[in-house]
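To keep things clear, I will list the structure first and then write my remarks on it.
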Amino acid sequence: MKKHISIIGVPMDLGQNRRGVDMGPSAIRYAGVIDRLERLKYKVEDLGDIPSPTPGRNQKDDESNLRNLNEVAEGNINLAKTVSDSFSKGHFPLVLGGDHSIAIGTLAGVSKHADQLGVIWYDAHGDLNTGETSPSGNIHGMPLAVSLGIGHEKLTQIGESGPKIRPENIVIVGARSLDEGEKELIKEKGIKVYTMHEVDRLGMSQVMSETIDYLKERVQHVHLSLDLDGLDPEEAPGVGTPVVGGLSYRESHLAMEMLAEADIITSAEFVEVNPILDEKNKTASIAVDLMGSLFGEKLL
Ligand SMILES: NC(=[NH2+])NCCC[C@H](N)C(=O)O
Ligand SMILES: [Mn+2]
Ligand SMILES: [Mn+2]
């Protein structure tokens with residue numbers, strides 16, 4: 001694991017329509033992320049929050065079916081630059097969301113330096129919609145498609161134009177809510193998905209060892225994009241789009257511990273923590289616990 005971590009907050013909530021997720025970065029900082037990582041002997045530098053625009057009229061453009069397109073694009077352009085700078089210095093960019101639309105900027109920033117970039121998408125959702133397939137018009141349901149180069153060009157051209165990742169270098173873990181267009185895209189592109197069905201059947205241990213083997217064979221760098229709604233809302237209630245029947249706290253810790261042991265993750269983001277919907281900052285604390293495991297924390 002790289003020894004220097006850059007914390008990058010992204011107070012973005014315009015990729016969806018429930019306010020509050022813009023306070024995610026402060027909730028995660030308040031839950032003690034910096035101390036936690038320093039205790040593990042990392043050099044942690046908090047770069048503060050990325051300027052994220054406030055909404056114009058928070059409206060959906062009828063033609064494109066995209067909500068707050070210009071604002072989401074602007075925030076992600078800023079983020080891509082900061083992530084790219086951090087990565088090029090040999091640091092580990094640890095991005096705190098904010099809604100999941102910020103993965104557009106993170107992946108644009110990292111992919112500049114890693115042309116074969118692997119991605120683990122730990123999420124209840126596929127986030128593979130486009131304006132055409134989205135039921136909501138919310139851009140947080142689209143970042144994985146955008147990173148594949150599919151979607152509105154104001155989004156796909158962030159960083160550099162064109163695809164940032166390849167479909168065969170993606171593994172989705174924890175999926176249990178996919179829209180029709182997303183299912184088609186998964187089949188068409190051959191994206192590897194461990195739905196909750198596979199997690200139940202195989203167990204998280206096998207899911208993660210297969211995921212690690214699969215990516216190790218293909219890529220040099222792996223980005224972890226962890227949406228807190230991948231976890232079960234009973235345990236992590238502070239998210240805007242909860243889906244029942246999710247991954248447990250224990251399964252998620254195991255996943256992070258196995259990633260730490262495999263030493264394959266070179267950038268990460270933890271997104272969708274919404275303190276307004278949370279119970280006593282529980283979801284932000286879980287995020288910090290998981291970061292502890294991801295960065296090598298052990299009981300003994
Ligand atoms: N990052 C998320 N929480 N995404 C939820 C997306 C929900 C739904 N599939 C949509 O596109 O609107
Ligand atoms: Mn999700
Ligand atoms: Mn998501």
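Quick note: the coordinates plus some simple rules give every number you see, no bench work behind them. Here the structure is a predicted model, which is why all the values come from computation and not from measurement. Cβ placement follows ideal geometry from the backbone for every residue including glycine, while neighbour counts extend to all protein chains displayed.
Kindly provide the helix-only [θ] at 222 nm of the chain, computed as the sum of -39,500 (n - 2.57) over DSSP H runs of four or more divided by all residues, to the nearest 500 deg cm²/dmol? Here the helix-only value at 222 nm equals -11000 deg cm²/dmol.
Database remark: amide H of Val222 closer than 5 angstrom to the amide H of Gly118, Thr266, Ser267 (H placed geometrically; neighbours at sequence offset of 5 or more, or on other chains; Pro and chain starts carry no H). Entry for the chain at q = 0.10, 0.12, 0.13, 0.15 Å⁻¹: log10 I(q)/I(0) = -0.45, -0.67, -0.80, -1.13, Debye formula applied to identical alpha-carbon scatterers, no solvent contribution. Where in the chain are the DSSP H helices whose alpha-carbon span along the long axis reaches 15 Å or more and whose Kyte-Doolittle mean is at least -0.5? Helices passing the filter in the chain: 69-88, 249-262, 282-294.
Coupling constants for segment 7-12 follow from the phi torsions by the Karplus curve (6.51 cos²θ - 1.76 cosθ + 1.60, θ = phi - 60°), and in residue order they are 8, 10, x, 10, x, 9 Hz; glycine and proline get x. Build a GNM of the chain with springs between Cα atoms under 10 Å apart, and of Ser252, Ser134, Ser88 the one that fluctuates most is Ser88.
Return the loop-located trypsin sites (Lys or Arg not before Pro) in segment 195-300 (DSSP other than H, G, I, E, B) with at most 15 other Cβ atoms within 10 Å of their own Cβ; answer none if there are none.
Taking segment 195-300 and a limit of 15 other Cβ atoms within 10 Å, the loop trypsin sites (Lys or Arg not before Pro) found are Lys280, Lys298.
Distance from the alpha carbon centroid of segment 228-245 to that of segment 123-150 works out to 19 angstrom.
Determine the shape class of segment 92-218: with a ≥ b ≥ c the square roots of the Cα gyration tensor eigenvalues, call it rounded for a/c under 1.5, and otherwise prolate if a/b is greater than b/c, oblate otherwise. Since a/c reaches 1.5 but b/c is at least a/b, the shape of segment 92-218 is classed as oblate. For the residues Val193, Val244, Val44, a GNM of the chain with alpha-carbon springs under 10 Å puts the largest fluctuation on Val244.
Among residues other than Leu178 with Cβ under 13 Å from its Cβ, the summed charge is -3 (Lys and Arg +1, Asp and Glu -1). For segment 14-36 versus segment 273-295, the spacing of their alpha-carbon centroids is 9 Å. Backbone phi angles across segment 223-238, fed through the Karplus curve with coefficients 6.51, -1.76 and 1.60 (θ = phi - 60°), yield HN-Hα couplings of 9, 9, 10, 10, 8, 4, 6, x, 6, 5, x, 5, 9, 10, x, x Hz in residue order; Gly and Pro are listed as x. Sites listed here are trypsin sites (Lys or Arg not before Pro) in segment 10-102 whose DSSP assignment is loop and whose Cβ has at most 13 other Cβ atoms within 10 Å: Lys41, Arg57, Lys89.
Given +1 at the Cβ of Lys and Arg, -1 at the Cβ of Asp and Glu and no other charges, the dipole of segment 4-294 around its Cα centre is 500 debye to the nearest 20.
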